[in-house]
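*Asks:* Here it is, the structure, as structure tokens.
The values are calculated or read from the model by the stated rules, or taken from the named source; none is laboratory data. Note that the structure is predicted; figures quoted are calculated from it, not measured. As a convention, Cβ positions derive from the backbone with ideal geometry for all residues, glycine included, and neighbour counts pool all protein chains shown.
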Amino acid sequence: QVQLVESGGGVVQPGRSLRLSCAASGLMFSDFGMHWVRQPPGKGLEWVAIISYDGKNIYYADSVKGRFTISRDNSKNTLYLQLNSLRTEDTAIYYCANGIAAAATPGYWGQGTLVTVSA
Amino acid sequence: QSALTQPASVSGSPGQSITISCTGTSSDVGTYNFVSWYQQHPGKAPKLMIYEVTNRPSGISDRFSGSKSGNTAYLTISGLQAEDEAHYYCSSFTTSRTHVFGGGTKVTVL
């Protein structure tokens, strides 16, 4: 069965950096576009970024553009999100999800990793 | 990239049908048939219930159905059951090749 396992979350001060990972198994990782989606505690979902199956096409939400970088290593079946210049409003659970169907709709989701940005 | 608009809450009695709306713009819902719906129980990851407006992934009950008219998409839950109580989020592909979510709707089974 498909498994997506996020890691790398934690408590970090404003302005610092963090790298999240998403390890995939049970699917042909290199066939799928991959998303990061976040959810602040007690709030709704916010789409963050998508990377195509081959890493050549990348799109970001305006709220993270220029600060976050999505990447992937198909040889390791792993997706990454580099978070730089972190702000308190970046505090959230970060989920990875694989993209399905024509528009790479977020399909299967991992359980998430919590990032807390606090002084 | 403004969020799609959903009602904050919808409620119904067991066995009834409810419908959740999701209003976007001509830059997202109105242009593409790439609207999806997610169910999220407390403390759990979201689960895909509907994609491409009307399609159900394998294993999703046919009590869940989707539709769209203009800039608004709809999720209908028929034969409401206690386990349907959860938050529901819509999402759409956009003309900027990004994705956008709605603010979420809490469904309460009375």
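*Asks:* Quick check: anything in the range A:67-82 assigned to a strand (DSSP E or B), at pLDDT 95 or above and acidic (Asp, Glu)?
*Replies:* yes
*Asks:* Now, a different point. What's the number of the condition A:Ala61 fails, among (1) more than 14 Å from chain B (Cβ to nearest Cβ); (2) modelled with pLDDT of 95 or more?
*Replies:* Every listed condition holds for A:Ala61 apart from (1).
*Asks:* Something else now. Consider the range A:58-67. How many of its residues are of a type in the set (Ser, Thr, Tyr) and crowded, with 16+ Cβ neighbours inside 10 Å? Reasoning before the result, please.
*Replies:* Restricting attention to the range A:58-67, the residues satisfying the condition of being of a type in the set (Ser, Thr, Tyr) are A:59-60, A:63.
Pick out the ones that are also crowded, with 16+ Cβ neighbours inside 10 Å and you get A:59-60.
Within the range A:58-67, residues that are of a type in the set (Ser, Thr, Tyr) and crowded, with 16+ Cβ neighbours inside 10 Å number 2.
*Asks:* Then there is this: Filter the range B:37-93 down to residues that are of a type in the set (S, T, N, Q) and facing chain A (nearest Cβ under 10 Å) and give me whichever is nearest to the chain's Cα centre (by Cα).
*Replies:* Per the criteria, the residue is B:Ser91.
*Asks:* Take the conditions surrounded by 17 or more Cβ atoms within 10 Å (Cβ to Cβ), within 12 Å of chain B (Cβ to nearest Cβ), in contact with a Ser or Thr (Cβ under 7 Å, 6 or more places away or on another chain) and in contact (Cβ under 8 Å) with a residue 24 or more places away in the chain and apply them to A:Gly9. Does it pass?
*Replies:* Answer is no for this residue.
*Asks:* Can I ask one more? Can you pull out every residue in the range A:21-57 that is loosely packed, with under 15 Cβ neighbours inside 10 Å, over 21 Å from A:Arg87 (Cβ atoms), within 14 Å of chain B (Cβ to nearest Cβ) and not basic (Lys, Arg)?
*Replies:* Going residue by residue through the range A:21-57, those that are loosely packed, with under 15 Cβ neighbours inside 10 Å are A:25-26, A:28, A:30-31, A:40-43, A:54, A:56-57.
The next check asks that each one be over 21 Å from A:Arg87 (Cβ atoms); those that pass are A:25-26, A:28, A:30-31, A:54, A:56-57.
Applying the additional criterion that residues be within 14 Å of chain B (Cβ to nearest Cβ) yields A:56-57.
Hit for the range A:21-57 is A:Asn57, nothing else.
*Asks:* Among the numbered conditions (1) more than 30 Å from A:Gln1 (Cα to Cα); (2) aliphatic (A, V, I, L, M); (3) facing another protein chain (nearest Cβ under 10 Å), tell me where B:Val10 comes up short.
*Replies:* Here B:Val10 clears every test but (3).
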